[in-house]
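Below is one structure, written out as structure tokens; the observations come after it.
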Amino acid sequence: MNLQTPPLLVLDTNVLLVSLPEQSSYHWLFLAIRNGLVRIAVSTEMLLEYEEVIAKRIGLDRTEQALHTLLLLPNIQLITPFFRWKIIAQDPDDDKFIDCYVACGADCLVSNDRDFEVLAYCNFPKVVVCRLEEMQQWLEGLGVI
């Protein structure tokens, strides 16, 4: 990773979800995104899942507004994966995050979902997965947050 360039992350849906509320202990991530301290890669499939899951919590109008605002940020990259890796047999719906990660060469896929643990045994493609707490420590160590 080039320290001149903010880290490029792929966020699992639940990670984005818990970072949105101001009272959340994970709101630091949303602020880091909004302030351009990290770059975020998303695919259309990911955005559709974000919309579906987050709308159940905060309503469709607020969700669409939040996602529209995020997409206007210069540190958000819309990625079009052209290959499906099909690695997570337990929850194939999670493969979209791996597809995006590989397609953009992200620094890390951030997830607290145990289904991604299978990636520790996968040599190719090599995907760096970290939990939200580990991401916070890493970014603090880099002096990003």
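Each value in this text was obtained by applying a stated rule to the coordinates, not by laboratory testing. Please read these numbers as outputs of a predicted model, since none were measured by experiment. Cβ sites come from the backbone with ideal geometry, for glycine too, and all protein chains shown count toward neighbours.
Computed from phi, the 3J(HN,Hα) profile of the stretch 130-145 under the Karplus parametrisation 6.51, -1.76, 1.60 (θ = phi - 60°) reads 9, 6, 4, 5, 5, 4, 4, 4, 4, 5, 5, x, 7, x, 7, 10 Hz, with x in place of Gly and Pro.
If I take R0 = 35 Å and measure r between the Cβ atoms of E22 and T80 in this structure, what FRET efficiency does the formula 1/(1 + (r/R0)^6) give, to the nearest 0.05? Calculated transfer efficiency: 0.60. At each listed q (0.27 Å⁻¹), what is the log10 of I(q)/I(0) that the Debye formula gives for the stretch 90-141 modelled as equal alpha-carbon point scatterers? Values returned for q = 0.27 Å⁻¹ are -1.17.
Where the eigenvalues come from the Cα gyration tensor of the stretch 6-52, what are the semi-axes √(5λ) of the equivalent ellipsoid, largest first, in whole Å? The partial results should precede the final answer.
Numbers: eigenvalues 58, 43, 10 Å².
Semi-axes, largest first: 17, 15, 7 Å.
Model label points for K56 and E140, set 7 angstrom from Cα along the Cα-to-Cβ axis, are 3.1 nm apart.
All C-alpha pair distances within the stretch 8-142, sorted into 10 Å bins from zero, spread as 12, 46, 35, 7, 0 percent across the bins. Close amide-amide hydrogen proximity is noted between I76 and I40, each under 5 Å apart and 5 or more residues distant or on a separate chain (H modeled in the peptide plane; Pro and chain starts excluded). Cross-link partners for K126 among the aspartates and glutamates, with Cα-Cα distance under 20 Å and sequence neighbours closer than 8 places in the same chain left out: D12, D91, D93, D94, D95, D99, D107, D113, D115, E117, E134.
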